[in-house]
1. Name the helices (runs of 4 or more DSSP H) wholly inside segment 261-352 in which the number of residues that are more than 28 Å from Glu120 (Cα to Cα) is 2 or more.
2. Considering only residues that are among the polar types (S, T, N, Q) and within 22 Å of the chain's Cα centre (by Cα), which ones fall in segment 304-352?
3. On the basis of being among the β-branched types (Val, Ile, Thr), over 24 Å from the mean Cα position of the chain (by Cα) and farther than 24 Å from Arg210 by Cβ, does Val277 make the cut?
4. Would it be correct to say that Ile195 is among the β-branched types (Val, Ile, Thr) and under 21 Å from His284 (Cβ atoms)?
5. Would you tally the residues in segment 229-253 being within 16 Å of the chain's Cα centre (by Cα) and not basic (Lys, Arg)?
6. Restricting attention to helices (runs of 4 or more DSSP H) lying wholly within segment 110-212, give those where 1 or more residues are crowded, with 16+ Cβ neighbours inside 10 Å and away from the ligand (no atom under 15 Å from the Cβ).
7. So, in segment 228-255, of the ones that are touching a Phe, Trp or Tyr at 6+ places or on another chain (Cβ under 8 Å) and assigned to a strand (DSSP E or B), which residue ends up nearest to Gln300 (Cα to Cα)?
8. For Asp76, are the conditions met, namely being within 16 Å of the ligand (Cβ to nearest atom), within 22 Å of Pro214 (Cβ to Cβ) and among the acidic types (Asp, Glu)?
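The values are calculated or read from the model by the stated rules, or taken from the named source; none is laboratory data. Because the structure is predicted, anything quoted here is derived from the model rather than measured. Cβ placement follows ideal geometry from the backbone for every residue including glycine, while neighbour counts extend to all protein chains displayed.
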Amino acid sequence: MKFVLPSSASDTALWAGSTCCSACRAGAIIALAFDLPLAVLLLRQGSPARAESTGRADGPARPNHLACDVGPQEPDWIPYADLLGRLLAELVSSAFPCPLPHLWHLPQGAPGIIVYSGDEDGAQVEWNRQHHDVGPHPDIRALDNAPVSARVEEMVRQIHQFQQQFGVRAHSLRNHCIAWAGYLEPVAAMATCGIGMEGNYFCSTFLRDRGYAPYAAFGAALPLRYCHPDGTMLPVRQQHTHTMDDVYFGPQSVSYSYGMSPELWDTVLARVLDDVVQRFHVPHATCIHPSNWVKFSRLQGLSLVRQGIERSLPVWSFDQWLAFLEQRETWRCESLHWDGDRLLVDFTGNSG
Ligand SMILES: [Zn+2]
């Protein structure tokens, strides 16, 4: 890919008052020998070549099966897709002759954030509404081997049913058993329902391999809008989920569980959150099922909150996180003036 700076007449006017050289005013071309945005897209969303059309023989289709094979030495302890995306931002910044303002991407300048959620299949919605943000938890398992379109239609039906039954607008969701259908068909349907964020992509080699690491399979933590490989953006943010209690802490009766004890999780989580705070500044998204909290994940769930607060991390719901991101996206840099010594910048946007 390539891009040119500056690219318009107004950009040129912007540079007229600066002290940069004539070469800078004429623009710069940065050429990469590979398609960086497509690489980030495929690492985060998986490959459309791995999508199924009528389910899978050994269980529900899940996003985990879409993950690209990046080899046995994949650096699962670093959010490699996010860092590859950052490379683009740093290349652009390096081409500017003046300091380039960056808006911090997390609330109140926090070093990271824990995005807390819990799927629930049996509890009373009315009770939960008094204490939590609630959203639909579509169950399309009855159609595991049906065509993609049938599974997506059922998901949409349940989203509408949820909204009508409880009078609540659905902002974010996760499917029961993180069941998926095809590639981006579920995302396009979520967009028509007004869903702004989903958490079905579990960063794990869950049911493919047994290794634990927070950024396995997809290498991503930051929320990003879905995108078709042809470049068409979708208005649904993909927020990867990193910790799921039944997978990591489930008792022996849960065949796929990694069986981490509270003591082991305390140590592992300390490393994960230290990396978030000191190196990566990304969200750590969790799914602690309320019914599992009662049965076996209370200590680990409390550890997530306690260790987060110890590191000054906000602990927010998916809906709160989405609301922040929507507000932040309204902010624009309206003008930029560099007098060779000081940079003057105007920003406008919604409050909050
Ligand atoms: Zn469920």
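1. Details: elements: 262-275, 298-310, 318-328.
The helices (runs of 4 or more DSSP H) meeting that bar are 262-275, 318-328.
2. Our first condition is that a residue be among the polar types (S, T, N, Q); within segment 304-352, this holds for 307, 312, 317, 320, 327, 330, 335, 348, 350-351.
The answer is Gln307, Ser312, Ser317, Gln320, Gln327, Thr330.
3. Details: among the β-branched types (Val, Ile, Thr): yes; over 24 Å from the mean Cα position of the chain (by Cα): no; farther than 24 Å from Arg210 by Cβ: yes.
So Val277 does not fit the description; no.
4. Values: among the β-branched types (Val, Ile, Thr): yes; under 21 Å from His284 (Cβ atoms): no.
For Ile195, the condition - among the β-branched types (Val, Ile, Thr) and under 21 Å from His284 (Cβ atoms) - is not met.
5. First pass over segment 229-253, keeping only residues within 16 Å of the chain's Cα centre (by Cα): 233-244.
Next cut, not basic (Lys, Arg) only: 233-236, 238-244.
Total satisfying the criteria: 11.
6. Working: elements: 125-131, 148-166, 185-193.
Those helices (runs of 4 or more DSSP H) span 148-166, 185-193.
7. The selected residue is Met244.
8. On the way: within 16 Å of the ligand (Cβ to nearest atom): no; within 22 Å of Pro214 (Cβ to Cβ): yes; among the acidic types (Asp, Glu): yes.
Spelling it out, it is not the case that Asp76 is within 16 Å of the ligand (Cβ to nearest atom), within 22 Å of Pro214 (Cβ to Cβ) and among the acidic types (Asp, Glu).
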